[in-house]
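Right, one structure below, let's go through it.
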Amino acid sequence: MTATHPENRPPLSRMQSGLIIAGLMLGMSLAALEATVIGTAMPTIIGKLGGLSLYSWVFSAYLLTSTTTVPVYGKLADLYGRKPVFLTGVGVFLLGSALCGLAQSMIQLIIFRAVQGVGAGAVLPMTMTIIGDLFSIEQRARLQGFFSGVWGVSSVAGPALGGIITDTAGWRWVFYVNLPFGLISAGIIATLLHENIAHRARSIDYAGSVTLTAGLTALLWGLLEGRTWGWGSPESIATFSAATLLLLVFLWIETRAKEPVLPLSLFRNRIIAVASLGGALAGAAQFGVTSFVPLFVQGVKNGTATDAGTVVAPLSMGWPIGSIIGGRLIVRFGYRAATLIGGVCLLLGGVLLAFVGESTPRPFIIVLLLLIGLGMGFTSSAFVIAVQNAVPWGQRGVATATNQFFRTIGGSVGVAVLGAVLVARWAEGAVAGEGGRGRSSVLLDPERRAALPPDVLASMQSSLADALHVVFVLVAALTVLVFLTVLFFPKGRAQDLAATHGAPSPPDEDTTRPVARGAARVAANPPRTDGQSGLGPATGG
């Protein structure tokens, strides 16, 4: 079967390009929203299904499966094509959504959330990879702003949307609403995106996939449950020991696998190494801000859930703005300019966050969150585009998935560690006779909070503010580390830092090539072998 190299395919029509972009954005928004939209629906779900002790696992099940499957999907996309992996991910995600809506117990809901996560692990990285295949770097620099904005806005707007759907249509529609939009997204990609797949014998790194998934699951499980078990308990020690052993075995397997699920050689590339570390640190800072600033607004500043959403909204506004401006800077000046501006914005926002206290006015918090949002937009766009251009076509899927993986795992580990610090600090400042959990529920319930004597309320809020101050200082430290990391990003124009002209492109018979269905195929146009990743004018859409 003859394959068409992506850099030599006929250009997409304007309508095809627009529809594919819309389909990808729709699929991405659903997967991003589902990580947070359930938050405001959970109190209602607990009231209907019970199972308060299992509350955290409704979130953790989705987090675990959507994080640990990302590298596996990235490798499968390089072997079998982006389209089948994306469509499979959407299908599994929609199946999980339908099952969640039908759940009759908390155990069922947790299991079905895990199914959702398995699908989401494919949707997010494949969206970025398909964009990397179809469009030139100049086009991607513009589009990346919109896609990063979709991710940022969806993540931050999720809780508010979940509350609206729950109040108007019922909690089950938090899941059912995914079905029509997911089917539209899948239908567009299935119809308009065509990949000419060359069949050959392939070696799948099953051992690496299993050990990576098991090791990361054990690590996240230990971080999520360690506060309950006790960090020095036998359960914690056993879980973290198992995670360490499994991840070491994974690294050993990857050095010997014929086609490793996560090629360690990628990290010899300075761009990928810096982007992965920077993405992990930025992800930890992002999750720290979006998790604990709302708690500050509601618990310390006497705000409502709506107030918290209003205060955090500037982060979702700054993200797409930073992404769009950063994309233009990448084309003109290279990745380093965008990452440095993003690092400075994050650093300024983080330093300001470290000074937030009980008397801090809300406008001050809004300004610092806008800065952090801008920083996230600048850095995330540069990281994704740089990573995609740093490798040949045949490694673009796993490289893009690796970038997404490190950002997500950084956020997952970061929020678990910050949460543990918060609980420990708040316990130290506990009001006599009240445990941390009891105090948190009182402070976050406006009616119960209003019934407290003023002196008791002030003492409780002061204790929470002190605990959150430590968390905010740690988030500030993360932004400092992000800034120091981006200083190591290589200089030069994006074109100069692309996969080198001498690097071997994947053999034509060993890869899949995306084209638009219905576009004329030009068989006489032979594949390029210069190793460039989407820089030529023929990649235009």
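Taking θ as phi - 60° and the Karplus parameters 6.51, -1.76 and 1.60, the scalar couplings of the range 311-317 work out to 5, 7, 3, x, 5, 6, 7 Hz in sequence order, x denoting glycine and proline. Working note: Karplus 6.51/-1.76/1.60 with θ = phi - 60° gives the range 58-71 the couplings 5, 7, 5, 4, 5, 4, 4, 6, 6, 7, 6, 8, 4, x Hz, where Gly and Pro are set to x. Computed over protein heavy atoms with a 1.4 angstrom probe, the accessible surface ordering of 195, 235, largest first, is 235, 195.
Please work out whether the range 264-389 counts as rounded, prolate or oblate from its C-alpha gyration tensor, where a ≥ b ≥ c are the square roots of the eigenvalues and a/c under 1.5 means rounded, while otherwise a/b larger than b/c means prolate and anything else oblate? Walk me through the numbers on the way to the answer.
On the way: a/c = 2.69, a/b = 2.07, b/c = 1.30.
It is prolate, given that a/c is not under 1.5 and a/b is the larger ratio.
Karplus-derived 3J(HN,Hα) values for the range 472-482, using 6.51 cos²θ - 1.76 cosθ + 1.60 with θ = phi - 60°, are 5, 5, 5, 5, 4, 4, 4, 5, 4, 5, 4 Hz; glycine and proline are entered as x.
Gain on full extension, evaluated as 0.36 nm per residue between residue 259 and residue 484 minus their Cα-Cα distance, stands at 77.7 nm. Across the accessible surface of the range 281-341, with the other protein chains kept in place and a 1.4 Å probe, carbon and sulfur atoms take up 66 percent. Semi-axes of the equivalent ellipsoid of the range 206-286 are 26, 19, 9 Å, computed as sqrt(5λ) over the eigenvalues of the C-alpha gyration tensor in descending order.
Residues whose amide H lies under 5 Å from that of residue 193, counting only those 5 or more places away or on a different chain, are 517; hydrogens are built 1.01 Å from N in the peptide plane. Heavy-atom accessible surface of residue 219, to the nearest 10 Å², is about 40 Å², with a 1.4 Å probe and all protein chains retained.
When 272, 188, 111 are compared by accessible surface with a 1.4 Å probe, the order from highest to lowest is 111, 188, 272. Once the 1.4 Å probe is applied to the protein heavy atoms, the range 287-334 comes out at 37 Å² accessible per residue.
The values are calculated or read from the model by the stated rules, or taken from the named source; none is laboratory data. A quick note: this is a predicted structure, and the numbers were derived from the prediction, not measured. The accessibility values were calculated without ligands, DNA or RNA, using every heavy atom of the protein model including side chains. Shrake-Rupley method; radii C 1.70, N 1.55, O 1.52, S 1.80 Å.
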